[in-house]
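What follows is one structure encoded as structure tokens, with my remarks underneath.
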Amino acid sequence: MRENPAVKINLPAHAYVGSYSPNGLGIYSFEQDPQDGSLRPLGLSAGPPNPSWLCARADGSRLYAANEFDGAEGGSGQVTVYARDATNGALTLINSVGSGGASPAHLSLSADERFVFVANYGGGSVAVLPVAGDGSLCEALTVSRHGELFGAAVSAPQPAALAVAGSFAISGHDGGPHAHMAQLDPRGRFLLVSDLGLDLLISWRFDARSGQLSEPQTWCSSIGAGPRHFAFHPQRAEHCYVLNEEASTLAWLQLDVETGRLTQHAEVSSLPLGFKGTSFASDLRFSADGRYLYCLNRLHDSVAIFAVAAEGSLTLLGHEWTRGSYPRSFAFDPSGRFLYVCNQRSDHLAVFEVQAASGGLEFTGHYVAVGSPAAICFTAEKSV
């Protein structure tokens, strides 16, 4: 019987969760129920340890993982690439290469998917890895070490100047660099790299043909703030928001799209008014329409929900309990209807439904068992 080419078959959305050992054993695969957001376990890929950050190609055919460890001699972690079966979600290891430094904590793809950018936390460096035609990874093309380039920067005194009273959030300020995230701006002209240990956000000019980095410029956070993750507004590419781990603050920056220079508009707390004590901010993401910005607070164990005004200013709407301990990262599913929080110390993910009109979150009652979950990545639904 001849197939009708007009008929579309919707393949299931798959979710992949990276984890930390010893509780976590690798990358866990799931199939999503699009009606209630629950995740059905599919299997485990027990590759190199500590796949703490994941990203996928746009077509979902390849999954990349940062393996956060120091290497056999304390020198380098790894980046691993897997081929993904679109039908059953199975992962097949393709290859692994050195990350260019110790303890890689984040990775991302260039828009043309020719390069992977890796932030090495332990080594305080950013590496550019070329991607081969089959999606496999090549050895690092370039490695830029923050300690060598920005050695004059001095670790800030503690606690963070803008931290709430009673905070002892001082991890990462030990006198050395700690790169935490590396990602291109939406136009692909500049690679931004946050360094928590040096209180810097570094803007590199990126050559999309050669993969080379040049002309670094730096933005200094408030004293001891510890820049961790950042996000660009989905409609206004010049607006960048930086989540500071130690201060538990959110800084709103302006990127000059011609020069790469960063300037600050404002800095606000991600914690509720009146909170006192220690908390570590961890991750942030925009709703697809750019109306809301969500941030995670570890120890306070909450999602902070901000409304984003047309000119870019932020208004804190409230907080939602993450239903677990130490939320490390989170992600929306491809539809934007559900939000999944990785509660690292509770060994589970909690699933929330997004209230589109208000930006609020409603717990679905669904938990997903994963030992020490670090990051979750969805592959977009495709039709064949």
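Observations on the model:
- Subset of region 221-253 that is in contact with a His (Cβ under 6 Å, 6 or more places away or on another chain) and closer than 22 Å to ARG291 by Cβ - its residue that is surrounded by the most Cβ atoms within 10 Å (Cβ to Cβ): LEU243
- Set PRO177, PRO159: member being over 21 Å from the mean Cα position of the chain (by Cα) and assigned to a loop (DSSP other than H, G, I, E, B): PRO159
- Residue within region 262-272 that is in contact with an Asp or Glu (Cβ under 6 Å, 6 or more places away or on another chain) and touching a residue at least 40 places away in the same chain (Cβ under 8 Å) present: no
- Test: residue in region 342-350 that is crowded, with 22+ Cβ neighbours inside 10 Å and of a type in the set (S, T, N, Q): yes
- In region 363-384, the residues that are at positive phi form Cβ pairs under 6 Å with partners that are at pLDDT 95 or above and of a type in the set (Phe, Trp, Tyr), at six or more places apart or across chains, as follows: SER372/TYR20.
- Positions within region 67-81 being at pLDDT 80 or above and aliphatic (A, V, I, L, M), in sequence order: VAL79, VAL81
- Filtered residue count, region 59-100, keeping only those that are touching an Asp or Glu at 6+ places or on another chain (Cβ under 7 Å), farther than 16 Å from PRO48 by Cα and among the β-branched types (Val, Ile, Thr): 0
- Residues of region 303-347 satisfying the condition of being among the hydroxyl-bearing types (Ser, Thr, Tyr) and without any contact (Cβ under 8 Å) to a residue 24 or more places away in the chain: THR315, SER346
- ARG40 being modelled with pLDDT of 95 or more, closer than 30 Å to ARG345 by Cβ and of a type in the set (Lys, Arg): yes
- Residue ID - farthest from PHE332 (Cα to Cα), chosen from residues in region 233-285 that are in a strand (DSSP E or B) and of a type in the set (Val, Ile, Thr): THR263
The values are calculated or read from the model by the stated rules, or taken from the named source; none is laboratory data. Only a predicted model underlies this, so the values are computations on that prediction, with no experimental measurement involved. In this analysis, Cβ positions are derived from the backbone assuming ideal geometry, glycine residues included, and neighbour counts consider all displayed protein chains.
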